[in-house]
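Colleague: What follows is a structure written as structure tokens; I'll ask about it next.
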Amino acid sequence: MTLDTLPALDRRTALVSAFTAPKGFGDQTLRERRADAIELLGGIPDPAVLPARELAEATARVLSQPGLPALQYSRTEGIPALREWIAAREGVPVSRIVVTNGGFHGLALAIQTTVERGDLVAVDNPIFPLFLRGLELSAGRTLPVRVGAHGIDIEELSGLLKGGARPAALYTVPDFHNPTQGSLPLEGRRELVRLAEHYGFVVFADNPYRELRFSGRAPKEEPFNHSERVIHINTFTKTLGPGLRLGWLVLPESLTPDIVALRSRQDSHSSTFVQAVVAELLTQDPGLFDRTLDRARATYASRARTLAEAIDREAPGAFDVEVPGGGLFLWPRLRDASVDADRLAADASAEGVEYQRGAFFPSGPGTDAARHLRLAFGDTSQDQLTEAAARLGRALQRQRA
Ligand SMILES: Cc1ncc(COP(=O)(O)O)c(C=O)c1O
């Protein structure tokens, strides 16, 4: 019996169980761990740098507005006050902004409007694996492209395109890449846009870490906001909190109607209430967002340094560790080829520190991700990070003994 001839309920069960489980974010996040385990697992912002008091005040103001517009339906594209704030920050017309329920939702919308069943999609290698989950629904095929210290490898991509590859879309994280931490420089961004326009694919530029830059300069312009071939995806997750489930798309004019049409057949719009609170927060005190970011950047910069220094101290010579210029992760590489990275993760867990193995992230062969560890430092105190490094050092000793 094929899927088509199954009764409806069985068909649904068969489809859901056909999803390959779980692509990344599976084993470490689910397995048993010590009660005192230090978790360096997710890119989670520190609660202390989120503007909780200001959100509470904004909520009270929103709920005292006559007629309670925040508790009513609103437009599919998002409420005007929030779209206007985002458009001004992105430097694009309001008509190109659609508010989403966070970055992953933005990715899902981008995939669903662009990728047909069986289409080829060029992707980061290694990759943020949730993208692959989203792509699974559209049965897209992947074309891995190496990601390095300067983001996605434009030369490799160019070679693949010249060789005849014809992707419908390309997925990349351009700033403080998850997991490798590289950023694509301005010239690389321009070239990527040129390639997309020449070969006719759509770039999904997924940019949740852009605002968390703590060293170096941002590109002086953003080519991703000025092409008919780019969907620029962003979120308030890393800056105001993932629980808000609020993000946005900067869309080419030509794609906005498709995304709005799709959305109006799904959830209609993001929560009016959450949008209204965040718009109130951002517009009532125009400096608040940047002050919030400054606090966050200072915290993450010193955590990144503390963790990198502690690893050098506790496991001298064992890793190549670079302090990234932003974001929420360290991506140290094991130098000694005789160290078994899987066993190290298991020993680290026994010592009481949990992290994502680099082996979770590859989207194809040809990367050394399996020799890396992804260590998230966003929501862990300096003391705990120092202790985590000591535990990692002890885990390493187990193999060296
Ligand atoms: C690269 C990347 N894209 C998208 C997301 C998802 O963001 P959101 O929580 O807003 O859905 C994350 C979150 O960790 C991420 O790292």
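Colleague: Kindly evaluate Gly103 against the criterion of being of a type outside the set (D, E, K, R), within 11 Å of the ligand (Cβ to nearest atom) and in contact with a strand residue (DSSP E or B) (Cβ under 9 Å, 6 or more places away or on another chain).
Modeller: Working: of a type outside the set (D, E, K, R): yes; within 11 Å of the ligand (Cβ to nearest atom): yes; in contact with a strand residue (DSSP E or B) (Cβ under 9 Å, 6 or more places away or on another chain): yes.
For Gly103, the condition - of a type outside the set (D, E, K, R), within 11 Å of the ligand (Cβ to nearest atom) and in contact with a strand residue (DSSP E or B) (Cβ under 9 Å, 6 or more places away or on another chain) - is met.
Colleague: Let me ask something else about it. Out of Leu195, Leu186, Leu170, which single residue is over 16 Å from Thr114 (Cα atoms) and either in contact with a Leu (Cβ under 8 Å, 6 or more places away or on another chain) or modelled with pLDDT under 95 (or both)? Steps first, answer last, please.
Modeller: Values: Leu186 fails: either in contact with a Leu (Cβ under 8 Å, 6 or more places away or on another chain) or modelled with pLDDT under 95 (or both); Leu170 fails: over 16 Å from Thr114 (Cα atoms).
From the options Leu195, Leu186, Leu170, the qualifying one is Leu195.
Colleague: Are any of the residues in the range 87-97 part of a helix (DSSP H, G or I), within 11 Å of the ligand (Cβ to nearest atom) and under 30 Å from Ala165 (Cβ atoms)? Write out each step before concluding.
Modeller: Keep residues of the range 87-97 that are part of a helix (DSSP H, G or I), which gives 87-90, 94-96.
If we keep only those that are within 11 Å of the ligand (Cβ to nearest atom) too, we end up with none.
For the range 87-97, residues part of a helix (DSSP H, G or I), within 11 Å of the ligand (Cβ to nearest atom) and under 30 Å from Ala165 (Cβ atoms): absent.
Colleague: Is there a residue in the range 262-275 that is under 30 Å from Arg194 (Cα atoms), within 16 Å of the ligand (Cβ to nearest atom) and in contact with a helix residue (DSSP H, G or I) (Cβ under 6 Å, 6 or more places away or on another chain)?
Modeller: Within the range 262-275, none of the residues are under 30 Å from Arg194 (Cα atoms), within 16 Å of the ligand (Cβ to nearest atom) and in contact with a helix residue (DSSP H, G or I) (Cβ under 6 Å, 6 or more places away or on another chain).
Colleague: Here's a follow-up. Being more than 13 Å from the chain's Cα centre (by Cα), in a loop (DSSP other than H, G, I, E, B) and not small (Gly, Ala, Ser) is the filter here, so list the residues in the range 204-244 that pass it. First the steps, then the outcome.
Modeller: Taking the range 204-244 and keeping what is more than 13 Å from the chain's Cα centre (by Cα), we get 213-231, 240-241, 243-244.
When the remaining residues are screened for being in a loop (DSSP other than H, G, I, E, B), the result is 214-222, 226-229, 240-241.
Within the range 204-244, Phe214, Arg217, Pro219, Lys220, Glu221, Glu222, His226, Glu228, Arg229, Leu240 qualify.
Colleague: Then there's this: For Ala296, indicate whether it is in contact (Cβ under 8 Å) with a residue 12 or more places away in the chain and not assigned by TED's automatic domain parsing to the domain that holds Ala388. Even if it seems obvious, please write down each step before you answer.
Modeller: On the way: in contact (Cβ under 8 Å) with a residue 12 or more places away in the chain: yes; not assigned by TED's automatic domain parsing to the domain that holds Ala388: no.
Considered against the rule, which asks whether it is in contact (Cβ under 8 Å) with a residue 12 or more places away in the chain and not assigned by TED's automatic domain parsing to the domain that holds Ala388, Ala296 comes out as no.
Colleague: Another one. Which helices (runs of 4 or more DSSP H) sit wholly inside the range 102-189 and have at least 1 residues that are closer than 30 Å to Gln266 by Cα and either in contact with a helix residue (DSSP H, G or I) (Cβ under 8 Å, 6 or more places away or on another chain) or not acidic (Asp, Glu) (or both)?
Modeller: In the range 102-189, the matching helices (runs of 4 or more DSSP H) lie at 103-114, 130-136.
Colleague: Would you tally the residues in the range 326-351 being buried (at least 20 other Cβ atoms within 10 Å of the Cβ) and under 18 Å from Gly42 (Cα atoms)?
Modeller: Summing the residues that are buried (at least 20 other Cβ atoms within 10 Å of the Cβ) and under 18 Å from Gly42 (Cα atoms) in the range 326-351 gives 9.
Colleague: Same structure, new question: Any residue in the range 195-203 that is within 16 Å of the ligand (Cβ to nearest atom), crowded, with 19+ Cβ neighbours inside 10 Å, touching a residue at least 12 places away in the same chain (Cβ under 8 Å) and under 12 Å from the mean Cα position of the chain (by Cα)? Please lay out each step first, then the result.
Modeller: The initial filter retains those residues of the range 195-203 that are within 16 Å of the ligand (Cβ to nearest atom), namely 203.
Restricting the remaining residues to those that are crowded, with 19+ Cβ neighbours inside 10 Å gives 203.
Narrowing the set further to residues that are touching a residue at least 12 places away in the same chain (Cβ under 8 Å) leaves 203.
Then keep just the ones that are under 12 Å from the mean Cα position of the chain (by Cα); that gives none.
Scanning the range 195-203 turns up no residue that is within 16 Å of the ligand (Cβ to nearest atom), crowded, with 19+ Cβ neighbours inside 10 Å, touching a residue at least 12 places away in the same chain (Cβ under 8 Å) and under 12 Å from the mean Cα position of the chain (by Cα).
Colleague: For the condition in contact (Cβ under 8 Å) with a residue 60 or more places away in the chain, buried (at least 21 other Cβ atoms within 10 Å of the Cβ) and within 23 Å of Leu195 (Cα to Cα), what is the one hit in Val98, Val123, Val92? Full working, then the answer.
Modeller: On the way: Val98 fails: within 23 Å of Leu195 (Cα to Cα); Val92 fails: buried (at least 21 other Cβ atoms within 10 Å of the Cβ).
Among Val98, Val123, Val92, only Val123 is in contact (Cβ under 8 Å) with a residue 60 or more places away in the chain, buried (at least 21 other Cβ atoms within 10 Å of the Cβ) and within 23 Å of Leu195 (Cα to Cα).
Colleague: Going through Ile86, Ile111, Ile44 one at a time, which residue ends up being farther than 23 Å from Gly241 by Cα and of a type in the set (A, V, I, L, M, F, W, C)?
Modeller: Exactly one residue qualifies, and that residue is Ile111.
Colleague: Could you run through the range 299-321 and say how many residues are part of a helix (DSSP H, G or I) and either touching a residue at least 40 places away in the same chain (Cβ under 8 Å) or surrounded by fewer than 21 Cβ atoms within 10 Å (Cβ to Cβ) (or both)?
Modeller: Narrowing the range 299-321 to residues part of a helix (DSSP H, G or I): 299-314.
Narrowing the set further to residues that are either touching a residue at least 40 places away in the same chain (Cβ under 8 Å) or surrounded by fewer than 21 Cβ atoms within 10 Å (Cβ to Cβ) (or both) leaves 299-307, 309-314.
Here the count works out to 15.
Colleague: Now for a different question. Among the listed residues Glu116, Glu136, Glu77, identify the single one that is within 16 Å of Thr256 (Cβ to Cβ) and either among the acidic types (Asp, Glu) or within 16 Å of the ligand (Cβ to nearest atom) (or both). Even if it seems obvious, please write down each step before you answer.
Modeller: On the way: Glu116 fails: within 16 Å of Thr256 (Cβ to Cβ); Glu136 fails: within 16 Å of Thr256 (Cβ to Cβ).
It is Glu77.
Colleague: Step by step: first the residues of the range 335-370, then only those that are within 21 Å of Asp36 (Cα to Cα) and outside any helix (DSSP H, G or I), then the one that is nearest to the chain's Cα centre (by Cα). Which residue is that?
Modeller: Only one residue tops the list, namely Gln356.
Colleague: Still on this structure, I have one more. If you check Leu373, Leu396, which single one turns out to be in the same structural domain as Arg305 (by TED's automatic domain parsing), in a helix (DSSP H, G or I), in contact with a helix residue (DSSP H, G or I) (Cβ under 7 Å, 6 or more places away or on another chain) and among the aliphatic types (A, V, I, L, M)?
Modeller: Details: Leu373 fails: in a helix (DSSP H, G or I).
Going through Leu373, Leu396 in turn, the sole match is Leu396.
Colleague: In addition: Of everything in the range 71-110, what is over 23 Å from the mean Cα position of the chain (by Cα) and among the β-branched types (Val, Ile, Thr)? Give them in sequence order.
Modeller: To start, the set of residues in the range 71-110 that are over 23 Å from the mean Cα position of the chain (by Cα) comprises 71-76, 79-81, 84, 93-95.
Selection gives Thr76, Ile79, Val94.
The values are calculated or read from the model by the stated rules, or taken from the named source; none is laboratory data. Note that the structure is a prediction, hence the values are computed from the model and not measured. All Cβ positions, even for glycine, are placed from backbone atoms using ideal geometry, and neighbour counts span all protein chains on display.
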